[in-house]
Amino acid sequence: MKKTLDFKPKFFTAIKNYDRSTFTADLMAGVIVGIVALPLAIAFGIASGVSPEKGIITAIVAGLMISLFGGSKVQIGGPTGAFIIIVYGIIQQYGMQGLTIATLMAGVFLILLGVLRLGTIIKYIPYPIVVGFTSGIAVTIFTTQVKDLLGMQMDAVPSDFIEKWIAYVRNFSHIDPWSAMVGIVSVVIIALMPRLSKKIPGSLVAIIIMTVAVLLLKQYAGITTIETIGDRFSINAALPEAVMPSITWEGIKGLVGPAVTIAVLGAIESLLSATVADGVIGDHHNSNTELIGQGIANIASPLFGGIPATGAIARTMTNINNGGRTPVAGIIHAVVLLLIFLFLMPLAQYIPMACLAGVLVVVSYGMSGWRSFLTMMRNPKSDITVLLLTFFLTIIFDLTVAIEFGLICACLLFMRRMAETTDVHAVLNEIDLNEDADMERGNLEHLTIPRKVEVYEINGPYFFGAGNRFEDIMARYGDKPKVRIIRMRKVPFIDSTGLHNLENMCHMSQKEGIIVVLSGVNPKVEAVLKRNNFDQLLGEENICNHIDLALARAREIVEG
């Protein structure tokens, strides 16, 4: 049966039975989420190494595309903290042009993931990797904000994690007390605000209070050491035109790694956010449609000067908690941001950098997932290894390296665990028929194994690792048998490695004058064996349906 494209945006199904009460709820939720997204978009943009308006443009363009074409009813998209380190690193190495191309490529990769129906597979990325790089990103974000949070007067901050902290320690005496006070008070306001009101975003309250306070300090107290956005950036509130970057084959080859990282991280974060939202609203998102929508958003965003975007868990939950139930709320959120961008953006120049650093410090704390991290430290050693490897590679090197090595390590450990699930053992003296389902036992309870006959049983998939165990077990026998029976009744499948090992074992046995008899081979495994000429290697009479036939054949060989 031919599979069709799995692209069914929730927006187009949600508006079929849309009514006024639903719109009222979506309108309220969209306005609130737009206000919540404003300080985050500015902070994420600046922390990523771009101007503040690019963060808002990303939230507008990508947020609109994700709501229009995504596979979740309530997903809110835009720039997120997870991308800060990636984006900053790409800009430092390849420039803004490189970031634009990498984001476009990531958008194409996301669309391909959706078209190829790989949305469900992305969800199975090992949890230790997700926790490891999320916690690593949180630590890295916090590290990048220390200078602005404390108003340190220092030269360019090193890019390396360890060198950053060395530089901070050396410049600790150069902290500006007024900036540090703004940063710390901002963190306190954001932390305490939920106790007063869960509907009013603490980050927005902190920005308003601290901006007014800094203006008053400058005006009436003559304090000019507190740096603001306007001191570092020139604010441009004009809508940008869509511009296609100059793309070359050499540029594409050099940016494949960063683009894949953006795509994988965007897929993980957006599907995780959509899954969390499903649990709250009792709905089921379409993973493949969500990936295609995320891909469209990440193609549109860089064309207007934006940065990578994905589904944002915090903003999505804010949308749900304020009554949003359809993608219309996400569209309204984008419109609200657009209106703020057009009419209020010049006011952003007065926002203190220390206050934005405080916002990101709180974001990094929320991302850290330290409780999950500590819980995972009680898991098996293999999970702890993947967790710590991904965590330290993220903070010491970068996320691209962390994801690559984390996935490789997880795959190797998975292979090891799978190999351990297959048991190969020898059956001594007699066979208990009460445990057998591959033979017609009649009134018998046991079958005696004849002299000069060895019986081995494989329990589980016959693939890498299992074949080598035969040599260890066979070495324990002192006398060389005439017949070696291999019971395969509990082998659901066999791969090429298993075939190779089994073939080698058969050849070794034949060189020693030992005849190999296979017992209880299921039809699927038998078909694979025959395609690989095992019927010619062993003889069809030596591939038996069940153990009593195999023992009868063994007696015939021994007595013959």
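Could you tell me which residue of the range 496-548 is modelled with the highest pLDDT, considering only residues that are of a type in the set (Ser, Thr, Tyr) and over 16 Å from residue 456 (Cα atoms)?
Taking the range 496-548 as the starting set, the residues that turn out to be of a type in the set (Ser, Thr, Tyr) are 496-497, 509, 519.
Then drop every residue that is not over 16 Å from residue 456 (Cα atoms), which leaves 496-497.
Numbers: 496: 85, 497: 81.
Across the range 496-548, the extreme among qualifying residues is 496.
Looking at the range 221-237, which of its residues are over 13 Å from residue 54 (Cα atoms) and part of a loop (DSSP other than H, G, I, E, B)? It would help to see each step written out before you state the result.
Kept after step one, since they are over 13 Å from residue 54 (Cα atoms), are these residues of the range 221-237: 221-232.
221, 222, 223, 224, 225, 226, 227, listed by residue number.
Provide a single number: the residues in the range 148-160 that are open to solvent by 40 Å² or more (accessible area, probe 1.4 Å) and within 30 Å of residue 390 (Cβ to Cβ). Reasoning before the result, please.
First, the residues of the range 148-160 that are open to solvent by 40 Å² or more (accessible area, probe 1.4 Å): 153, 155-157, 159-160.
Narrowing the set further to residues that are within 30 Å of residue 390 (Cβ to Cβ) leaves 156-157, 159-160.
Selection size over the range 148-160: 4.
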**Study point:** Number of the condition not met by residue 182 [criteria: (1) open to solvent by less than 30 Å² (accessible area, probe 1.4 Å); (2) hydrophobic (A, V, I, L, M, F, W, C); (3) assigned to a loop (DSSP other than H, G, I, E, B)]
**Key:** (3)
Review point. Quick check: anything in the range 433-442 open to solvent by 90 Å² or more (accessible area, probe 1.4 Å) and modelled with pLDDT of 65 or more?
Key: no
Review point. So residue 244 fits all but one of (1) assigned to a helix (DSSP H, G or I); (2) over 26 Å from residue 344 (Cα atoms); (3) open to solvent by 50 Å² or more (accessible area, probe 1.4 Å); what number is the exception?
Key: (1)
Check your understanding: Can you find even one residue in the range 112-133 that is in contact with a helix residue (DSSP H, G or I) (Cβ under 8 Å, 6 or more places away or on another chain), at pLDDT below 95 and closer than 15 Å to residue 363 by Cβ?
Key -> no
Exercise for review: For the range 151-179, name all the residues that are in a loop (DSSP other than H, G, I, E, B), free of Cβ contacts under 8 Å to residues at least 40 places away in the same chain and farther than 23 Å from residue 397 by Cβ.
Suggested key: 152, 153, 154, 155, 171, 175
Point to revise | Residues of the range 477-510 satisfying the condition of being open to solvent by 80 Å² or more (accessible area, probe 1.4 Å) and of a type in the set (Asp, Glu) | key: 479
Study note, to complete from the structure: Those residues of the range 37-77 which are surrounded by fewer than 24 Cβ atoms within 10 Å (Cβ to Cβ), touching a Phe, Trp or Tyr at 6+ places or on another chain (Cβ under 6 Å) and in a loop (DSSP other than H, G, I, E, B) amount to 49, 51
Point to revise | Qualifying positions in the range 506-534 - among the β-branched types (Val, Ile, Thr) and within 15 Å of residue 491 (Cα to Cα) | key: 521, 525, 528
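The values are calculated or read from the model by the stated rules, or taken from the named source; none is laboratory data. What you are looking at is a predicted structure, and each value in this text was computed from that prediction instead of being measured. Don't worry about glycine lacking a Cβ; one is built from the backbone with ideal geometry, like all the others, and counts go over all protein chains shown. Accessible surface areas use protein heavy atoms only, side chains included; no ligands, DNA or RNA. Shrake-Rupley method; radii C 1.70, N 1.55, O 1.52, S 1.80 Å.
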